[in-house]
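One structure below.
Please treat every number below as a calculation from the coordinates, not as lab data. Note that the structure is a prediction, hence the values are computed from the model and not measured. Methodologically, a virtual Cβ is constructed for each residue, glycine included, from the backbone with ideal geometry; neighbour enumeration extends over all protein chains shown.
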Amino acid sequence: MKVGVLPDLPPAEPATPPDVARLQRTAAYPIEPLIMERWSPRAMSGEELASKEIMALFEAGRWAPSTYNEQEWRFLYARRGSKEWPLFFDLLVEANQAWCGNAALLCLIAAKKNLSQNGKPNPVHLFDCGNAFENIALQATAMKLVVHGMAGFDFEKARMALKIPEDFDVAAMFAAGRPADPETLPEELRQKEKPSDRKPLDQIICEGPFSFV
Ligand SMILES: Cc1cc2nc3c(=O)[nH]c(=O)nc-3n(C[C@H](O)[C@H](O)[C@H](O)COP(=O)(O)O)c2cc1C
């Protein structure tokens, strides 16, 4: 069953990333269109994001669920052109630097390791940060902005450069910005600039004990 598919006519405005995903992705069961519309483009215009837009992204992250409402996430960020920008940009592997130069924002998510109530290790601190990231990504999609998660950066260098204390883990980074025409990307990235598919449900769920082949 096709879900969230636009009518036959192409959109009158230039296709935005959510439009592109809606046209190219198929859900096996009906789900909220926003989930299908979120994907990870790399083409960004280099324009700034307004403070209000940036805060809306973090606000979305703030409302994510977490164990005991621990809210383990801490968002460290830099806007392009600021004095902090090189600190963040220099953490990225070359392959990510190749497209992040046009992002408006780079963010590192740090995760508090221990529970506030008893100081014991929190087994889901990174999981909870993932919840916050997904909220941010969905909010960005609704605002027709790009959010793209990244593991391709130097985690240890990040800890030192951004002065992240030992009781926090480095979870991940993401780039955010305004979408741009994929033609603006270097050739090899242009090829990859499309919403990806997913494994079929029967490969990722089983009723009862683990029984995947
Ligand atoms: C935690 C995390 C780390 C990722 N790291 C990178 C990265 O370093 N570079 C990159 O280009 N994409 C990265 N991605 C993007 C994934 O490749 C992408 O989310 C995945 O292929 C699914 O595609 P979609 O987000 O377009 O649906 C990352 C995504 C996540 C959530």
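Tabulated data
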| quantity | calculated |
| --- | --- |
| Asp169, Asp154 arranged by Cβ crowding within 10 Å, fewest neighbours leading | Asp154, Asp169 |
| Taking the C-alpha atoms of the chain, convex hull volume expressed per residue in Å³ | 163 Å³ |
| Segment Glu48-Tyr68, length gained on full extension (0.36 nm per residue, minus Cα span) | 3.6 nm |
| Environment charge at Leu91 (Cβ cut-off 14 Å; Lys +1, Arg +1, Asp -1, Glu -1) | -2 |
| Gyration tensor verdict on region 116-213 (Cα atoms; rounded if a/c is under 1.5, prolate if a/b is larger than b/c, oblate otherwise) | oblate |
| Links that overshoot a 26 Å alpha carbon limit, given the list Lys83/Lys113; Lys112/Lys157; Lys52/Lys199; Lys157/Lys194; Lys113/Lys192 | Lys83/Lys113; Lys52/Lys199; Lys157/Lys194; Lys113/Lys192 |
| Phe212/Lys192 FRET efficiency (R0 22 Å; Cβ-Cβ; nearest 0.05) | 0.20 |
| Using θ = phi - 60° and Karplus 6.51 cos²θ - 1.76 cosθ + 1.60, couplings along region 127-133 (whole Hz; Gly, Pro as x) | 4, 5, 5, x, 4, 5, 4 |
| Shape call, region 152-204: gyration tensor on alpha carbons, a/c limit 1.5 | oblate |
| The chain - mean residue ellipticity at 222 nm from DSSP helices (-39,500 (n - 2.57) per run, n ≥ 4, rounded to 500) | -9000 deg cm²/dmol |
| Förster-model FRET efficiency, 22 Å R0, Glu59 and Leu34, C-beta, rounded to 0.05 | 0.85 |
| Loop-resident sites, region 155-189, for GluC sites (Glu not before Pro), counting at most 10 other Cβ within 10 Å (DSSP) | Glu166 |
| Ser211, Ser116 arranged by Cβ crowding within 10 Å, fewest neighbours leading | Ser211, Ser116 |
